[in-house]
Structures are given as C-alpha cells and as structure tokens.
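The values are calculated or read from the model by the stated rules, or taken from the named source; none is laboratory data. Predicted model, so just to flag it, every value in this text is computed and none were measured. Note that we place each Cβ from the backbone using ideal geometry, even for glycine, and neighbour counts take in every protein chain shown. The area values use the complete protein model at the heavy-atom level, side chains included, leaving out ligands, DNA and RNA. Shrake-Rupley method; radii C 1.70, N 1.55, O 1.52, S 1.80 Å.
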Number of protein chains: 2
Amino acid sequence: MRGPGCRHPPSSSSSSMPTSLVRETEVDVLVVGAGPAGIMCANALAKAGVNVRIIDQRPSKVAAGQADGIQPRTIEVFQSYGLAERLLREGNQMHIAAFYNPSQHGGIELTDRVPDVTAPTARYPFEVTLHQGAIESIFLDSMREMGVEVSRPVVPTHLDIDTTKLDDPNAYAARVSGVKTSRTFGKRDNHGGCAREICRRDRRYTANRCYSISTLKIQYQGAHSWVRKTLNIAMEGSQTDYVWGVVDMVPRTDFPDVRHKTAVHSENGSCMIIPREGDMIRLYIQLEGKDAVDATSGRIDKKRTGPHQLLEVARKSLYPYVFETPEAFHWWTIYIIGQRVASRFSVDERVFIAGDACHTFAFLLLPNSFYQHSLSQSFPQSRSRNERQHERCSQSRQAFLPMLSRQLTFCTAAWKLVYVLRGWAGLSLLKTYEFERRKYAQDLIDFDVKFSGLFSGKPRTTMNENGVSHEDFLKAFQTFGGFTSGIGIRYGESPIVRYGNQSCAHSIVVGQRMPPQLFIRAADGRPVELQDLLPSNTLFKLLVFTGDTVTAALGHLAANLQEIVDKFATNVELISILSPAKQPDFCFMDLPGALRPHWTKVLSDEKDLRGTEGGNAYAAYGIDPHAGALVCVRPDGYVGIVVPLEEASNIASYFTSFMV
Amino acid sequence: MRGPGCRHPPSSSSSSMPTSLVRETEVDVLVVGAGPAGIMCANALAKAGVNVRIIDQRPSKVAAGQADGIQPRTIEVFQSYGLAERLLREGNQMHIAAFYNPSQHGGIELTDRVPDVTAPTARYPFEVTLHQGAIESIFLDSMREMGVEVSRPVVPTHLDIDTTKLDDPNAYAARVSGVKTSRTFGKRDNHGGCAREICRRDRRYTANRCYSISTLKIQYQGAHSWVRKTLNIAMEGSQTDYVWGVVDMVPRTDFPDVRHKTAVHSENGSCMIIPREGDMIRLYIQLEGKDAVDATSGRIDKKRTGPHQLLEVARKSLYPYVFETPEAFHWWTIYIIGQRVASRFSVDERVFIAGDACHTFAFLLLPNSFYQHSLSQSFPQSRSRNERQHERCSQSRQAFLPMLSRQLTFCTAAWKLVYVLRGWAGLSLLKTYEFERRKYAQDLIDFDVKFSGLFSGKPRTTMNENGVSHEDFLKAFQTFGGFTSGIGIRYGESPIVRYGNQSCAHSIVVGQRMPPQLFIRAADGRPVELQDLLPSNTLFKLLVFTGDTVTAALGHLAANLQEIVDKFATNVELISILSPAKQPDFCFMDLPGALRPHWTKVLSDEKDLRGTEGGNAYAAYGIDPHAGALVCVRPDGYVGIVVPLEEASNIASYFTSFMV
C-alpha cells in the first residue's frame, strides 16, 4: 500500500492556471501537522504499511526547547514501537517527588519525599523528561527508515469531504489542498486556492500541492488547528486566574531536591521544579496576575517581565535556599492556566483530530501545556533580531506545545485505521475512536482543574487554616497516580472491549492495558517481558493460560483455537503460557502444535534455574493455575476480552463482531 | 591527534618508480587485520581520540556466517563501550546448559539442566551468540561515527622497526608497507615491495600503500598472521586426535533442548548444540578420524564428507530424537582440535599481536576456533561456482575465525597505548600488555586441553566404567564457570595492580574486574549500575566509599583527594558512595565539594523509596560501612588498588609509579 500514486487530472475547478501543473496525490491517510501527535500517528501507520503522507507548515522540525514529561504508560507505548531504548538513553528520569512547605523558622522546609510514580504495575516506575526536538527525532528517524518524510513547509488551504462517498471505505472521500511555501520561514508565496504546482520535487520552487485523501484523514494539529476551525469544531472549556511563569536553566544552588520533581508551597507563592536532560531544570513559578497580565485586555503581556524577574519571584518561594543567576536562561515563558476540549473528535469517520487540536490544558504536576490564546498576541514589537527570533520560536512552539504524554496514546488508535483501510473491519470500528478518547480527555481536564487549583492555592499554616495542607495535596497526588501515569486508562464497553469474566483473571482488567509481567521462555529459559511479545504490530494476541495440562482438555482447546487462528490468520497471534500447576514432567514440546506456533511463543510461569526471576505470573494476574484463562489483547496492548478456557467460542464471536 | 598527515617523501629506497607516487601516512597506531580483535582495538583507540588506521587484506567484511559465543565478561566490555544494547538486541541468549547421557533403554536421555553461567557476579548471566558479520558491524558502525573506516583490500608486505628510535616514545619507529589490491577478490595486482601508489583515493585503481607508523603498532591478525611470521614469532602447542564436524541449520526436531547449550555424550560419539540468532542452531559433531582425515597426510580431507554425512553422524548420537534434514545447511566444516599460543605477544613495545595471531584453540563449550592448518589445503577443485564461492568464503573465514570472547578483552588494553602515546605514562607501561595476557592465554589453553578431552571421551556406562561421568563433566563445567565466563580473570601484580588491603573490601578482588552493583543515585533517586559509571574512557575511577560521615574526617579526606585529583586531573575521576551507616540527616549536599564533583557522581547505598532496589553494596563488596575504603578502578574496569580511607596517600604513590 506504499508509494502513493501521482496523477495529473484533466481539470481542476478551483484553479485558474493550467491544470497539468496541479499535482494530485492519492494517499490512504494524510496527517496534517508534524507535531508529536502527528509524527507518532504517521509512524504507527507507516509501520503498518499504510500509504501515509504527513505535511507541516513549519519549515523545519523543532531544534530544541520544550521539555516534555513522558509518562510511564507512554514509555510502554514507545517500547511497543521498539523506541523506548533510545528514549531512555537520551532522557532524564524522575523517580522521586519531593514536597516543600512553609517552615516555622521562615522560608520552606522539606515535608516529604515519595516515589514519583505510584501506579503499582508500571513497567517503568518513573517519568522521563526530554526536549521535544529529541522526542520528535526518535519518531522522524523511525519513519525515515520506512521511507516516510515530513513534507514541509506545506500550508493546508482547503478541506472538502465528498459526502456521497462516505459509505465506500475505499473511496478517496476527503480532499485537502495545500500551499507549498518557500523554505524561508515567513516568505510564503501563496497562489491561493487549490492551485498549481510544477510537478517536480525540487523544493526550491514555491508551489501548491493538492492532496486527494483516501478513506480517512487524521488531523493532528495544535491548539490553533486549521482542520478544527475548517470543520467548525469548537473548543469548550474555561480559563482560570492562575498565571505561571516558566524558566529553563542549569541551576547553581544548594537546594538538595533540584533533581527531583519538587512541589514547593510557600508563603510567597508556589513553585515547581522539573529536572530535565543533562544538567538542566525547569522552574514553574506562580505569579501574581498583575505582574504579567495587561489589566485592560486580560491577556499576558510578556513585556512586563522576563526570566530575571521570574527567577526573582522563585527565589522568594525557595528561600532559604539559594539559586544563583545562571549563565543563561535557555527558555522562558508565561501562561494562564486553562483547560479546553474539542466538542468533537472526528467528522464522518473521515477526519480525526488529536493532540492539542482537541484539548489544551495545563497539568501542573506534568506540566507542559500552555494557554496559547492569552499569549499569542503579546509579543513586544521592538527587540533585537535575535530576541525576535527567539520569541518567534517560543511562540511557534507554544502554538504546538503538546500534552505529549496524553497525545502519544492517540497513536495507539492507528490500528483501527489500518483495519478499515485493509478491509479487515467495517467503518463502524472507527466510531470507537471518539468513544475511547472523549471520556478520558474530559476526565483528564477535570482532574487538571482540581489539581492546578490545589497547587496554585495558598499553603495551610497556623495563620491560614483554610489553606491547602500537604496531606490534601499528597493524597491527590497519590490517589490520581494511576490516572496521571497513564496506567489507569480504562476504555468503556464497545465491540472491541467486552467487560465480564473478571473472575477468570482478577488482576487483568478488561479495557485497561495488559500489565507487564516477567516470564521464563519455555524453550530457552530466557526471561522475557510479556509486553515485549505484544508489540504494536496490528495483530491481536490471544494469550492462552493453559492451566493444568490434562492432555484431553488441551487437545480440545487446541482444536477450538486452531479454528479461530485459521479464520483470523492475518490478525491473530497465539501465545501459550504454561501454568505452575502443570505436571512436573510436562514439557512445552508436549503441547499440541496449535498451542506452540513457534518456539518463542511458549512461556513458562516457573522461576528460572537460578531462582531469581519469574514464577509469579498466574498469581499476579489472579488466574487460577488449574483453570487457566484466555485473554485477548488488542493490537494497542489493551485487554479486549477475557474468557474461561472452556468458552473459546466467545473469542470467535468477539472477533466476528467487528472483523469482516 | 586525529586526521593523519599524508606526506610524499623525496625518495624511497625500496622503490624503482617515481617516489612522488608513494603515499606515506603517519599514524599513531596501525592495526593490521580487521577481524574482531582488530576492529575492537581500532574502535577503542579511535574512541580515545588516537590517530589510528586499520587495514585488511579482505576486500569486504564478513557478510554473515560464523556464530560466535560472547561471554558474560565480554558483554560487560561491550557495555563499557556503549555497545551492549545492540548486541543484546541482535543476539541469541543462552541461559541454560543441558546434559544428555546414554539411557538404559538405548539412545540418550536428559541428565541435567543447569544455569549456563555460574559466575555469581556476572552482570549478564548468559552467553550471547551472534554471527561474526553482525558483531563486526557493531564495531564498524561505532568506528564510522568517529570517522574511521577499514582500508581494504590492503596486503601488508614489509614491516621494519627502526631500533635506534625505540627509546623515543614519539618516534615513528615502525614502518609497514602495503599493497592496495584491486577490489575484485583474487585479482591482486601487486607491484611488489614497498612500491608505488598514485596518490589518489580512487579505489578503482590497484596501487600500493606505504604506512609510516608512529610509536606503536598493534598487530591483530588471525592464525596465519603475517606480522607474527614476519617477526619470527613461533606458535607453540600441539594438535590432538579429536576430529569434529560443524553444521549450521534451522532444525526440525522433537528434541526439547535445542534452544539450550546442550552437551550430548552418547555411545555413538559426542555432540554439542549451540543455539544461534533467529531459529538457527549449530551442531558440533564428534567424528571418527578415519571419516575425515587423509591417512597419508594426516590432514582433514573435506572431500570425504559433507553436511549430510555430518548430520547422519549426529543423528546416531541424538537418537531417539529426530532431526529431519533441514531445508538448507547454512555452513559446515570439519576441524581437528588443537591449541597453540604465540611464543611472544609483543616486540620492542612497538608491535603487539593479539587475537588468533597469538593463540588458536578449540574450546568445546565455547566453540568457535578452528585449526586452520589442517584445513586450508583440502578444498575440492571441481565444484559449481556457487559451491566454490561458498567454500572460499568458509576458507577465508576460517583463516580469521576468532576466539572472540577471548579476543575482546584485548581491546581493554588500548588505554595503555593511549597513555604512552599521550605522554601520560612511560613506555614501561606497555610491558604489562604481555604480562597480563600471557598467563591468561596459557591458562585458557590448558583448560581447553582438559575440557576438550573430557568431552571427546566416551561416556561412563556399565560397560565402560572408565568413561567420563556426568558428575566429572558437570564439575569441570561449574568449577571453571568463573574462568570460562571471563569473570574470573585476575591480573598479576605489577605497577598497575597492587595486591593487598583486601580486608578493606573483601569481595572486591584486586586485579579482577570491578563487580557490578546497583546503587541509588543520591541526587535523583535513580537506580544506576556502578559499571555504567566505569566506561572505557581512559579515566581511572577513584571510588570513595565514604563510610560514616563524621564531618572532620570527611574534610581531611576531601583535602587529600583533592590533591590527587588536581595532580592527575586529566586521568582520574572521583565517585563518592555514601554508606548505609551515614547519619540519617546527612544529605549528599553536605559532602565537601571535592567529594561531589558533579551531581551524577554521588551514589547512595540505600534502598530506593519503593524499597525494591539498592541498599546492598557495602555488604556485597565486603566494605565496613563505618570504615569505608578507597577503590581505584583502571580505565579497563579492573581493580588496581584498594586502600583504607586514612591511606589516601597510597593512591597518589600508585599513580606516580607509572604516570608521568
């Protein structure tokens, strides 16, 4: 499905120049916007062999700048694409959260240190911080290996959906026109409309592009999403009164928790420290609105302050600890906390929005989103060229600044597009996109509202008994640990998530991601992480917890499962997991052939020979070692259905309900 | 020191053509032979910024072929160069060793399964198998990132050492002449002697090269080492009567231990299974000499047998298990076990030999070396072109087939060359090369003699009570576990290894590699492996186990160590390790500045906040948590000296004894 066709239509209604100059390309999926969400989606689709194009209006990718917090679940998703190794090599890890509160002696003092990640099943029990440019490179390099590059700078101009074609999943029902701009940023040469392009790849020429879109178009764009506006999808939500400043720098300090995620509540405002890659940290600093907001317009006015002033405010919160003025401020900004969510996530199952295009919010303990609205018109006009460039960069970045950890999970929906494009599933599968995303996005925003309020509030002291106590704050931090880490996401019931039968596997929650677990591979005694057998490769994985190994029962089971695997051969892979209750002399080679499709696909729940690893899986998953269970994991790693071994036929009907 | 100079000398005594055509390049180190040992050494030198060249007479690198067993210590060495990640991603892992012996019912039966690696401190408790081409690629890619490529095909023709220059470490005392051959294999256009080269880089031309070598030349070549012969270094050792065949294939079998390292003793000969990357295995098959050896010459005659015949022999050993004829035999050969070691490892501290150039031996449980002598003249003459190509490849490979796991450790000596080249140490440091290598090489060969005898011998049965019992065999396997894994290497006393003070750190053996240990980093609570703070970067690491943290004592210690670090600032890095006996409120920021040169260089021996990792280091290392200790680790990861905290001055005299 790779290698898009390129054709020159005989006429183009919206063009006044010779039509032969319009380049029209048919693609299965066009991704508009090469921010993190866009490139992750494009990467996922390319990996699945889909004919995907990705365009972006920026002339080049983000070079450096914004840090971003990668949540534990997101690291698992990276790993499912084979990309976690590099992320972990390049990124900083946050293992500990520290809390400071007012001291009786003035200034602040350490109140508590707790694990940063409290979700007990997190495979990676920490957060990673890494600047956005480095994160994007990981995906861009992965895409490049598959021959997919971002076309840039291309500015989209028109989006049409041919509603007469919506019922035909193979129809190219969406059409996007774009303008290929000059590579010099800002020097845009727009001939307007769905106009001409000299049909050559030479990027020195300013030209227009016209994309004809097959089946589906995923629109991944930032808060100023062109697609969202084009389709009249509103952003719903509110702005708060909380104003915060941000400064990136290499600290020179005697503060001992500067490499922890540190929340500081002081009499002089709140402050947050987020350590970053290298020696850098980011400071989030609570501001008095009057310091930064124009009273008349209610908008941020960056002229009123700067990084030195921000650090000065931080110093008051952090007293008695000393933060010397650093050699340089690597980046800074100011924002008003706000939370908004798009009113729709998709249109006609042809256009999907994701990333900042569908929600913006500031999540204070995972802080990386900004309320661009207030900021975008506030840049001072008379600065040096360097300063202007820096600010333009900041501004441009803010317009795409992602809630990366949240966005990443969107790429896990790519398999649904693949299934429809390949004809493996009907269009209705795509309705689950909005269904599974919306509730989570709203929950997240509700949580952010609560949490940012707690953090921006005054601390409780003897003088202010109504303030926020450390206990309240810590409780919120820990209560929502599973949620904020991404581990706690649970999808609602749908054709692809069938609740029930939890008694077969108490701790494998249907609708949640399959929890990690170490096994010993039966054939070679190698310890393997189950999640590494569940890569994001568009296959459903049918985990057969074989229970005790009575030969007759196994034969019956094997026959049932063979039928399912044969029927859905393209989409289902089988993995057998031997029980600790198996007969002592039972060898994996004794399994019927259907239950050991390859020597790497049989795991054992026994300790390894050195007695150090493994042997705890049936117990950890809450599966009876005699009864066993069937667990079906979706291509994105989420549990779709659990059934008893005897009810294998329910697996068949699960697949039949959405697969063609 | 990078970027070799290229000069055109006014005259060249050995040339009859215009001298301007001779290209002469000055390099600090020339590596002859781009087999595994050669490229590992070149990579290590390039990483240290040395001006290194590497030549090889083969027109291209090994494409695929030989598997090779990478030992636990060797994986640690890969990791010290930042290369283990890729090795582990691409290679197969052997975790279990299985043993089969004659069954009372005829055929063989399982006797035992044990962990393949028994060395208790192995960081990677398994062996890795990966074909040589893939291993070489890991190092070639690493070298390429530093701008170093193998010059090939270049055949060395002359080696001269100017003995009048030996005392000057900066003199270019060694000169190698080489012939740049045509890139077409076998079409060698040799003008003879130290002859002409048209001074251009166009590789389409056949030309000669002349290298003028600075200071040191490391000669890494295979069993037919040109350098060894040129310098008249003899190979000493013996050949046995044991003849073995080797077959690589993807097995189709009901044998349950085909993915374990499996030693089979049967009434019908012995057999060894080594699983490899992908689905491949290698079978080592004991042969009757008459099947493969020409009675007249005593040499292997490959015409007498082939892979089908070898598999037929294996089937007799492996009965009652079935090995079907595979779709293809990927490689096969026959060899006679022999062990030889070079009589010298270096000449005038200017030329060093390593790899198969200094020892050949067949190590049956780690089998990857061949006795080329017997094989190189035995190829049949009348075969199809494909077959001939395949055999030429095999033959060529055998001539360089490495005992990789042993050779790898040679690259750890690269730091010594760097120290002399940079003027940080006197020439005498290089004498430790031969000293540290020779004993180990000989021990290894002695062990191989013993072990291959045990394995090639008949099994003990009721009919043959003098045969080899499983208990004898297993005992040898486990007794030598530390040794065969590479973990057990202990260097003798020398200026760079000072025995003594073991009571300060019972389990850190001076002369052995620093054992791995997990710590919690003080500043950010991240679990870190100490070995990852000991990369092969030419720095000595001075580990300060601070003991209890009495402020006055710490201040005194810090002053002493500051002096040492200042004096040897280029070569010594300090890492502090806080004790579990420290005062509860002692924070790493309370350490004197000299003891925390960077926030990443202070470790804590406490459990992490989740209580799952760390907290065992002082105990595991046998260090009194109150008394502490100073441990100096060499740039190659071996422990050079241990002293009590009060005797920091002994560290200074240790450095002074060999550093300028």
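Go through A:600, A:570 for me and flag whichever is open to solvent by 10 Å² or more (accessible area, probe 1.4 Å), touching an Asp or Glu at 6+ places or on another chain (Cβ under 9 Å), in contact (Cβ under 8 Å) with a residue 24 or more places away in the chain and farther than 22 Å from residue A:505 by Cα.
Working: A:570 fails: touching an Asp or Glu at 6+ places or on another chain (Cβ under 9 Å).
Being open to solvent by 10 Å² or more (accessible area, probe 1.4 Å), touching an Asp or Glu at 6+ places or on another chain (Cβ under 9 Å), in contact (Cβ under 8 Å) with a residue 24 or more places away in the chain and farther than 22 Å from residue A:505 by Cα holds for just one of A:600, A:570, which is A:600.
Step by step: first the residues of the stretch B:472-494, then only those that are out of contact with any helix residue (DSSP H, G or I) (no Cβ under 7 Å at 6 or more places or on another chain) and touching a residue at least 24 places away in the same chain (Cβ under 8 Å), then the one that is farthest from the other protein chains (Cβ to nearest Cβ). Which residue is that?
B:484
For the stretch B:280-307, which positions are part of a loop (DSSP other than H, G, I, E, B) and open to solvent by 60 Å² or more (accessible area, probe 1.4 Å)?
Residues of the stretch B:280-307 that are part of a loop (DSSP other than H, G, I, E, B), as a first pass: B:280, B:288, B:294-299, B:301, B:305-306.
Matches in the stretch B:280-307: B:288, B:295, B:296, B:297, B:299.
So which residues in the stretch A:541-576 are of a type in the set (A, V, I, L, M, F, W, C), in a helix (DSSP H, G or I) and within 26 Å of residue A:423 (Cβ to Cβ)? Before the answer, list the steps.
At the first step, the residues of the stretch A:541-576 found to be of a type in the set (A, V, I, L, M, F, W, C) are A:542-545, A:550, A:552-554, A:557-559, A:561, A:564-565, A:568-569, A:572, A:574-575.
Pick out the ones that are also in a helix (DSSP H, G or I) and you get A:552-554, A:557-559, A:561, A:564-565.
Those that are of a type in the set (A, V, I, L, M, F, W, C), in a helix (DSSP H, G or I) and within 26 Å of residue A:423 (Cβ to Cβ): A:561, A:564, A:565.
Taking the stretch B:495-531, which residues are within 14 Å of chain A (Cβ to nearest Cβ), touching a residue at least 60 places away in the same chain (Cβ under 8 Å), charged (D, E, K, R) and not in a strand (DSSP E or B)?
Residue satisfying the conditions is B:524 alone.
Would you mind telling me which numbered condition in (1) touching an Asp or Glu at 6+ places or on another chain (Cβ under 8 Å); (2) within 26 Å of residue A:127 (Cα to Cα); (3) modelled with pLDDT of 70 or more residue A:341 fails?
(3)
Can you name the residue in the stretch B:239-290 that is among the aromatic types (Phe, Trp, Tyr) and over 19 Å from residue B:129 (Cα atoms) and is also farthest from the other protein chains (Cβ to nearest Cβ) among such residues?
Per the stated criteria, the residue is B:242.
Between a first residue in the stretch B:532-556 that is farther than 15 Å from residue B:578 by Cβ and a second residue that is among the basic types (Lys, Arg) and open to solvent by less than 10 Å² (accessible area, probe 1.4 Å), which pairs have beta carbons less than 8 Å apart while being 6 or more apart in sequence or on different chains?
Here the result reads B:534/B:541; B:540/B:634, each pair linking the stretch B:532-556 to a residue that is among the basic types (Lys, Arg) and open to solvent by less than 10 Å² (accessible area, probe 1.4 Å).
Which one of these is open to solvent by 10 Å² or more (accessible area, probe 1.4 Å), of a type in the set (D, E, K, R) and away from chain B (no Cβ under 14 Å): A:590, A:605, A:624? Before the answer, list the steps.
Details: A:590 fails: away from chain B (no Cβ under 14 Å); A:605 fails: open to solvent by 10 Å² or more (accessible area, probe 1.4 Å).
Criteria check complete, one pass: A:624.
For the stretch A:129-151, indicate whether the set of residues that are among the aliphatic types (A, V, I, L, M), in contact (Cβ under 8 Å) with a residue 24 or more places away in the chain and over 19 Å from residue A:35 (Cα atoms) is non-empty.
no
Spot the failing condition for residue B:141; the list is (1) more than 14 Å from chain A (Cβ to nearest Cβ); (2) at pLDDT 95 or above; (3) open to solvent by less than 30 Å² (accessible area, probe 1.4 Å), and only one is missed.
(3)
With the checklist (1) of a type outside the set (Lys, Arg); (2) over 28 Å from residue A:130 (Cα atoms); (3) modelled with pLDDT of 90 or more in hand, flag the one item residue A:295 doesn't pass.
In the conditions (1) of a type outside the set (Lys, Arg); (2) over 28 Å from residue A:130 (Cα atoms); (3) modelled with pLDDT of 90 or more, residue A:295 misses (3) alone.
When only residues in the stretch B:95-117 that are part of a loop (DSSP other than H, G, I, E, B) and open to solvent by 50 Å² or more (accessible area, probe 1.4 Å) count, which is farthest from the other protein chains (Cβ to nearest Cβ)? Walk me through it before giving the result.
Keep residues of the stretch B:95-117 that are part of a loop (DSSP other than H, G, I, E, B), which gives B:95, B:103-107, B:116-117.
From what's left, open to solvent by 50 Å² or more (accessible area, probe 1.4 Å): B:104-105.
On the way: B:104: 17, B:105: 16 Å.
Of everything passing the filter in the stretch B:95-117, B:104 is farthest from the other protein chains (Cβ to nearest Cβ).
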